[in-house]
Amino acid sequence: MTTQTTRTRILDGAEALFAERGFAASRTKDIAAHVGVNTAMIHYYFDTKEKLLVSVIDRIMADLAMVLSEIDFDALNWEERLEEFVGAYFDYVRAHPNFSKLTRMAGGIRDRAMLEEQIADFFGPLLQAGVAFVQAGIDAGCFRPLDPEQLVLSLYCATVAWFSDAQFLSLLMGHDVTSDGALSARREHLVDLAFRALGATRPEGAGTSSQNPPKKDAAS
């Protein structure tokens with residue numbers, strides 16, 4: 001087993017247990033047992049459980065940066081940009097369904113301020129970039145005037161809550177809301193909702209096929 005594969009497996013296992021049990025209840029030895037390594041291996045790669053959590057969140061943030069960097073917005077018109085903007089974010093959260101649970105765990109570590117600052121410094125500019133994008137489309141006369149910050153926050157909440165409250169929503173709906181079919185329908189609805197809210201017309205052919213979530217890079 002390569003060094004990078006071991007590190008990645010530890011990150012995967014830690015992310016799963018942190019999301020399921022919370023930070024405090026996820027003991028290092030439980031993470032090690034879940035992954036199939038000894039606790040010394042976790043300390044070798046990450047030193048402490050707090051630094052392991054930081055590394056898990058770092059990877060999630062890096063994946064979002066990679067998703068956004070792969071979109072050539074300059075080559076797209078406003079409607080195509082909107083399609084990519086909403087759809088790519090949904091695909092990202094789909095690939096990281098533990099996203100919101102993990103970013104709320106700052107209160108459980110010693111250096112809480114450091115982690116909170118790390119999260120705010122990364123996601124704050126992304127939020128503002130989304131707001132600026134919508135406002136620019138409004139200024140260009142391509143989108144209907146509305147409060148761009150409220151729209152971006154609404155799309156964020158509507159996306160993240162689907163995954164963070166999946167168990168509750170599945171009970172309410174009577175089916176698994178994380179099935180491929182349910183997620184494809186949810187993605188389609190949110191993209192369509194954004195277009196309707198902004199009074200824009202979706203690009204021809206958009207929404208006719210489901211999108212696959214981005215895969216984690218085994219070398220991350």
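Here the relative contact order of the chain, from alpha carbon pairs under 8 Å that lie six or more residues apart, stands at 27 percent.
Remark: spin-label model distance residue 28-residue 136 equals 4.6 nm, labels positioned 7 Å along the Cα→Cβ axis. Binning the alpha carbon pair distances of the chain at 10 angstrom intervals from zero yields the distribution 7, 29, 33, 21, 8, 1, expressed in whole percent. Between the stretch 133-196 and the stretch 16-52, how far is it from one alpha carbon centroid to the other, in angstrom? Between the Cα centres of the stretch 133-196 and the stretch 16-52 lies a distance of 33 Å.
The listed peptides 40-47, 93-100, ordered by packing as a protection proxy, come out as 93-100, 40-47 (highest mean of other Cβ atoms within 10 Å first).
Across all directions, the average flat footprint of the convex hull enclosing the Cα atoms of the stretch 1-47 is 2.9 nm². Summary value for the stretch 71-164: 39 percent relative contact order, contacts being C-alpha pairs under 8 angstrom separated by 6+ residues.
Across the alpha-carbon atoms of the stretch 25-145, the computed radius of gyration and Dmax are 18.5, 59 angstrom. Going from the residue with the fewest nearby Cβ atoms within 10 Å to the one with the most, 49, 101 rank 101, 49. Compared with the dominant Cα axis of the chain, that is its longest principal axis, helix 3-21 is turned about 80°.
Here the simple spin-label model places points 7 Å from the Cα toward Cβ, and for residue 71 and residue 147 these points are separated by 2.3 nm.
Counting every other Cβ atom within 10 Å of each residue's Cβ, 51, 29 order from fewest to most as 29, 51.
Computed extension length for residue 5-residue 43: 12.1 nm, one decimal, from 0.36 nm per residue of separation with the Cα-Cα distance subtracted.
Listing 71, 31 from fewest to most neighbouring C-beta atoms within 10 Å gives 71, 31.
FYI, it's all coordinate maths here, none of it is from the lab. All values reported here derive from a predicted model rather than from experimental measurement. Quick reminder, even Gly has a Cβ in these numbers, built from the backbone with ideal geometry, and neighbours come from all protein chains shown.
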